[in-house]
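Below is one structure, written out as structure tokens; comments come after it.
The values are calculated or read from the model by the stated rules, or taken from the named source; none is laboratory data. Computed from a prediction, not measured in an experiment: that's the story for all the values here. Cβ: placed from backbone, ideal geometry, glycine included. Neighbour counts: every protein chain shown.
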Amino acid sequence: MSEPVALNSPEVFHDSTRSHGNYENLKLSAAPKNPFDIPEELRGEEIAPGVLETLDVTAYHDWKRLWEFPLALVLAVPALTVTGLLWVVVKLTSKGPGIYAQKRSGKDGREFTMYKLRSMRVDAEKNGIQWCAGDADNRITPLGYWLRKLHLDELPQIINVLNGDMSFCGPRPERPEIVQHLEKCVPYYRSRLKVRPGITGFAQINLPADSDTVSVMKKQTLDLDYIENASLSADVRMVGCTALRLVGVPGRLATKVAGLVRSPESSKFSNYYIDLWQRCEAFKKDKSRSEETSS
């Protein structure tokens with residue numbers, strides 16, 4: 001296991017002159033400005049590296065492919081048919097590829113190629129990899145907004161499930177470069193790589209898209225919850241929850257109907273993160289009040 005890395009240490013950032021010709025609305029900026037929004041006053045913190053030794057990976061992860069592969073075969077025809085139709089619409093409504101392939105980190109850090117329908121302009125990363133700005137991000141195409149809102153941009157990942165690189169349920173896979181950043185900002189971040197990544201998961205159906213390091217830490221607690229408590233029942237309900245979202249049912253309602261409401265604060269794994277995220281949130285509020293008073 002490597003030594004702890006000081007929070008916001010220079011190693012966290014890659015060369016800002018690098019440019020990546022990918023098309024996804026990524027959650028990381030290669031700019032010198034800290035994309036993780038950790039207050040400078042907390043830089044002395046040390047981030048525990050590697051995998052959480054007490055994490056108990058349930059045996060279910062070893063055999064769940066027995067039902068995932070047959071289901072993926074059944075869903076492949078309708079999923080890829082819709083993907084083909086949407087590919088045409090994406091090509092007709094904006095310049096660039098309809099589908100793009102991108103390297104992601106899978107189980108035990110093994111890289112694989114993940115597929116998605118393009119939801120952003122082809123020049124989305126002309127200035128390098130950029131942190132996600134949510135629905136307000138002006139790089140998202142009009143069609144891409146709805147693809148993302150209904151999670152239709154994820155349909156091509158049925159191929160990744162068939163290939164065995166991904167599961168239906170599990171932690172969302174990140175780009176290897178982003179993993180290298182986040183493991184230096186989020187305690188035990190690599191613990192999420194103990195299982196195959198998923199199309200959906202406890203974190204995705206309960207929390208909004210990442211916006212800063214605090215949001216990443218909150219999702220990490222739910223990802224670890226899934227790794228330790230995954231079951232066939234939870235997976236079936238999660239797939240059903242995602243299906244409800246695809247037909248327009250509001251996310252929070254779908255999650256409640258599926259009986260899968262989870263909060264980071266109630267997770268036992270919050271013990272490893274909550275102190276840091278609360279101090280980050282408190283500092284941000286104090287800074288905001290100070291700026292309002294001075295203005």
Complete set of residues in segment 242-263 that are farther than 20 Å from Thr58 by Cβ and in contact (Cβ under 8 Å) with a residue 40 or more places away in the chain: Thr242, Arg245, Leu246, Gly248, Gly251, Ala254, Thr255, Val261, Ser263
Could you look through segment 142-176, keep only residues that are within 15 Å of Phe112 (Cα to Cα) and among the aliphatic types (A, V, I, L, M), and pick out the one that is surrounded by the most Cβ atoms within 10 Å (Cβ to Cβ)? Met166
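Within segment 44-77, track down each residue that is among the aliphatic types (A, V, I, L, M) and over 19 Å from Tyr189 (Cα atoms).
If we filter segment 44-77 for residues that are among the aliphatic types (A, V, I, L, M), which is where we start, we get 47-48, 51-52, 55, 57, 59, 66, 71-77.
Listed by number, the residues that qualify are Ala59, Leu66, Leu71, Ala72, Leu73, Val74, Leu75, Ala76, Val77.
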Cβ-Cβ under 7 Å pairs, at least 6 apart or on other chains, segment 93-120 side surrounded by fewer than 21 Cβ atoms within 10 Å (Cβ to Cβ), far side outside any strand (DSSP E or B) and of a type in the set (Gly, Ala, Ser): Phe112/Gly106
Please state which one of Leu246, Leu253 is under 28 Å from Glu154 (Cα atoms), at pLDDT below 85 and of a type in the set (A, V, I, L, M). Leu246
Are any residues in segment 44-84 among the acidic types (Asp, Glu) and not in a helix (DSSP H, G or I), and if so, which ones? Glu45, Glu46, Glu53, Asp56
Give just the number: which of (1) outside any helix (DSSP H, G or I); (2) surrounded by fewer than 22 Cβ atoms within 10 Å (Cβ to Cβ) does Asp275 not satisfy? (1)
Take segment 149-173 and flag every residue that is without any contact (Cβ under 8 Å) to a residue 40 or more places away in the chain and in contact with a Ser or Thr (Cβ under 7 Å, 6 or more places away or on another chain). Asp153
